[in-house]
Amino acid sequence: MTTSMKTFACALLTMFAATAALAADVPAGAAKAKEVCQACHGLYGNSPTPDYPKIGGQYPDYLAKALRDYKSGARKNAIMAGFAGTLSKQDIENLAAYYSSQPPVVATKH
Amino acid sequence: MTWSRNATYCTESPPMLKQTLLAAALAVTAAMPAFALAQTAAPAGDAAAGGKKNQMCTGCHGIVGWRTAYPEVYKVPKIGGQHAAYIVKALQEYKSGERSHPSMRAIATSLSEQDMADLAAYYSAGAAMTASK
């Protein structure tokens, strides 16, 4: 392998590693859900409390956006600000992937 | 009648009138939070009526996988089967501006409390889960 090939391979690996950092880890999301979200939204996202939304089967990009907005303060809610504030970008991706992969309790309705 | 009794006080002595007015003012002030609460309590929703008011919702929430493009790209949430109380709260927050999304703000602003309750009743009643993919 020439040096330039090695450099190229190295660059490719770095790029993959960088993108992989935000790939969602569903089991990690499940663990975090058990710790942070379960009490209100339910472990599978079928929230038993009318004030708290059902999130099982919701779109992952919507869930991630909601969490990012709670964390940044763009969306204001005293309860969610506290929880979302503790989450990393990776946690948010993991949780969004985990809840969206649960049996749907919300659906598109015309 | 309360008013005639107050009127009697009025003829008796000015200090008594002052006391009566003060008491009345205090009573009104004390009653205000309860009144405010009664006003914000959501009216009962009528799902059938909600189904006739949802033309503004279906263009996005009625299409599987529909994405909102502004100000950020993401899929609009599925709302069939969502809790009615949460839907009403979301609409109220969009209307007040507490929750920001240009289209939702414009739409929610046009809705009365009754409209919100009716839409929430309609959507919370669920949807065919086959349409959830």
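Values in this text are rule-based calculations from the coordinates and carry no lab data. Since we're looking at a predicted model, the values are computed, not measured. Here the Cβ positions follow ideal geometry from the backbone for every residue, glycine too, while neighbour counts run over all protein chains shown.
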task: Would you mind checking which residues have amide H under 5 Å from residue A:57's amide H? H placed 1.01 Å from N; only 5 or more apart, or other chain.
output: A:100, A:101, A:102, A:105
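Working out 0.36 nm times the residue gap between residue B:44 and residue B:58, then minus their Cα-Cα distance, what length gain in nm do you get to one decimal? Display every interim value, and only then the final one.
On the way: separation 14, 0.36 × 14 = 5.04 nm, distance 2.22 nm.
Extra length from residue B:44 to residue B:58 when fully extended: 2.8 nm.
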statement: For the table A:34/B:95; A:71/B:95; A:71/A:109, the rows whose alpha-carbon distance is greater than 24 Å are A:34/B:95; A:71/A:109
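Mind giving me the FRET efficiency for residue B:98 and residue A:101? R0 is 35 Å, r the Cβ-Cβ distance, nearest 0.05 is fine. Numbers along the way, then the final one.
On the way: r = 30 Å, r/R0 = 0.87.
According to the calculation, E is roughly 0.70.
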message: Going by amide H atoms built from the backbone, whose H comes under 5 Å of the H on residue A:45, apart from near neighbours?
response: none
message: Can you compute the label reach from residue A:79? Point 7 Å from Cα along the Cβ direction, backbone N cut-off under 17 Å, restricted to region A:96-110.
response: none
message: Using the crude model of +1 on Lys and Arg Cβ and -1 on Asp and Glu Cβ, and no other charge, please compute the dipole size for region B:47-132 relative to its Cα centre, in debye to 20.
response: 180 debye
